[in-house]
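A short write-up of the structure that comes next.
Readers should treat all values here as calculations from the given coordinates under stated rules, not as data from a laboratory. For clarity, every value in this text was computed on a predicted model and none was experimentally measured. Note that we place each Cβ from the backbone using ideal geometry, even for glycine, and neighbour counts take in every protein chain shown.
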Amino acid sequence: MPFQIVLNIIIAIMWTFLQESYTFGSFFSGYLFGILLLFTLQRFIPDEFYMKRFLKIVSLILLFIKELLLSNVTILKWVYKPKLDMEPGIFAVPVDLKSNWEITLLANLITLTPGTLSIAISNDHSYIYVHAMNIEDVESEINSIKESFERAIKEVTR
């Protein structure tokens with residue numbers, strides 16, 4: 001992947017020299033041309049096309065923003081309820097992620113989403129303990145974390 005990025009930048013620089021226009025627009029159009037060229041010739045390049053991973057990173061960011069907005073709306077509803085009928089609790093989320101970076105990213109995404117807080121990670125890195133403001137069903141909470149954040153992190157890192 002780093003080779004493809006460097007190659008794409010070299011193509012963009014060569015494009016600006018061939019155009020004899022040393023502006024950002026010329027460089028950007030050369031960069032887009034390089035993406036198209038690398039996509040066309042991807043079967044000759046040993047790694048996976050790097051823009052696929054970039055799009056997966058963008059989808060993870062968009063997923064986080066969506067979850068952030070939805071949880072903020074939920075928290076707002078709880079705050080303005082006259083009678084709080086929440087059931088806060090702590091549950092363990094089994095983690096299939098391998099590296100410390102992946103586990104840390106998952107724990108941070110859980111913590112940054114309002115209404116949930118990552119409390120601890122088990123010593124063998126197989127569980128993340130999460131406190132939630134309202135737990136209606138533990139299994140559905142675990143499945144929502146695993147099917148959204150954990151799956152997206154796996155797509156980005158693997």
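Which of R43, R158, R151 has the fewest other C-beta atoms within 10 Å, and how do the rest follow up to the most?
R43, R158, R151
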Report ³J(HN,Hα) in whole Hz for each residue of the stretch 69-77, in order, from the Karplus equation J = 6.51 cos²θ - 1.76 cosθ + 1.60 where θ = phi - 60°; Gly and Pro get x. 5, 5, 6, 5, 5, 5, 4, 4, 5
With charges set only on the Cβ (+1 for Lys and Arg, -1 for Asp and Glu), what does the dipole of the chain come to about its Cα centre, in debye to the nearest 20? 400 debye
Which value, in debye to the nearest 20, describes the size of the charge dipole of the stretch 19-84 about its Cα centre when Lys and Arg Cβ atoms bear +1, Asp and Glu Cβ atoms bear -1, and nothing else is charged? 620 debye
Where Lys and Arg each count +1 and Asp and Glu each count -1, what net charge lies around I75 among other residues with Cβ under 13 Å from its Cβ? +1
Exposure-ranked with fewest Cβ neighbours within 10 Å first, V6, V95 stand as V6, V95
For the chain, whose charge dipole is built from +1 on Lys and Arg Cβ atoms and -1 on Asp and Glu Cβ atoms, the candidate among P2, S71, N143 with its Cα farthest towards the positive end is P2
Among [x] 1.26; [y] 1.18; [z] 1.44, which is the computed Cα Rg over 2.2 N^0.38 Å? [z]
Least to most buried among F149, F64, by other C-beta atoms within 10 Å and fewest first, runs F64, F149
Below 29 Å, Cα to Cα, which lysines can K146 reach? Residues fewer than 8 away in the same chain don't count. K52, K56, K66, K77, K98, K154
